[in-house]
Amino acid sequence: MSCRILIVDDEESIRFTFSEFLSDAGYIVDTAENFARATACFEANDYDAIFLDILLGRESGIDVLKAARELNPNCPVTMVTGAPEIKTAAAAVRHGAFDYLTKPVNQEDLLRQAARAVAFKTAIDQKERYQKRMTAVFQGVKEGILVFDVALKLIDINFSAQGILSCGEE
């Protein structure tokens, strides 16, 4: 399975260059030039990484970042800018950006960042799948299970234990 990456930048040359570098490395790449196109891409696809320009003409990349985090909270978004400022970097981090790169971005740095972002997304997705499986096992066994912390405070109880003890999860 190939990983899917979205490039969001108002400069066609950046979209083309990033797309070529990433496609040559084996990634499936989509591009968007503005907020409307980017959100349409988020709604249609699940991305493993996003590279997002902070300044999209008259639009803000921070708004695109917020939309991306709402629709796909596990997807790492790397902000890219040609005009680095502490204010924009702080806003990007505050809204959940994975990383921040300054233009010009060379091929090696782009590919390294893509690999880091994809590995992060893969790890987060694996963790969620593992937690779902463990929850299913925990709730599916017939024996009652009570989980206590080190101070002997009850922190979890499965459905069987709730039935045996005639109590709710509260």
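The values are calculated or read from the model by the stated rules, or taken from the named source; none is laboratory data. All values derive from a computational prediction rather than experimental measurement. Just so you know, the surface numbers come from the protein's heavy atoms only, side chains and all, with ligands and any DNA or RNA stripped out. Shrake-Rupley method; radii C 1.70, N 1.55, O 1.52, S 1.80 Å.
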Would a scan of region 3-10 turn up a residue that is closer than 16 Å to Ala117 by Cα, assigned to a helix (DSSP H, G or I) and either at pLDDT below 95 or not polar (S, T, N, Q) (or both)?
no
Within region 26-39, identify whether any single residue is closer than 18 Å to Ala119 by Cα and either among the charged types (D, E, K, R) or part of a loop (DSSP other than H, G, I, E, B) (or both), and answer yes or no.
yes
Regarding Thr17, is this residue over 16 Å from Ala117 (Cα atoms) and at pLDDT 90 or above?
yes
Subset of region 14-25 (residues that are open to solvent by less than 70 Å² (accessible area, probe 1.4 Å) and assigned to a helix (DSSP H, G or I))
Ile14, Arg15, Thr17, Phe18, Ser19, Phe21, Leu22, Ser23
How many residues, within region 40-56, are open to solvent by 50 Å² or more (accessible area, probe 1.4 Å) and either hydroxyl-bearing (Ser, Thr, Tyr) or assigned to a helix (DSSP H, G or I) (or both)?
2
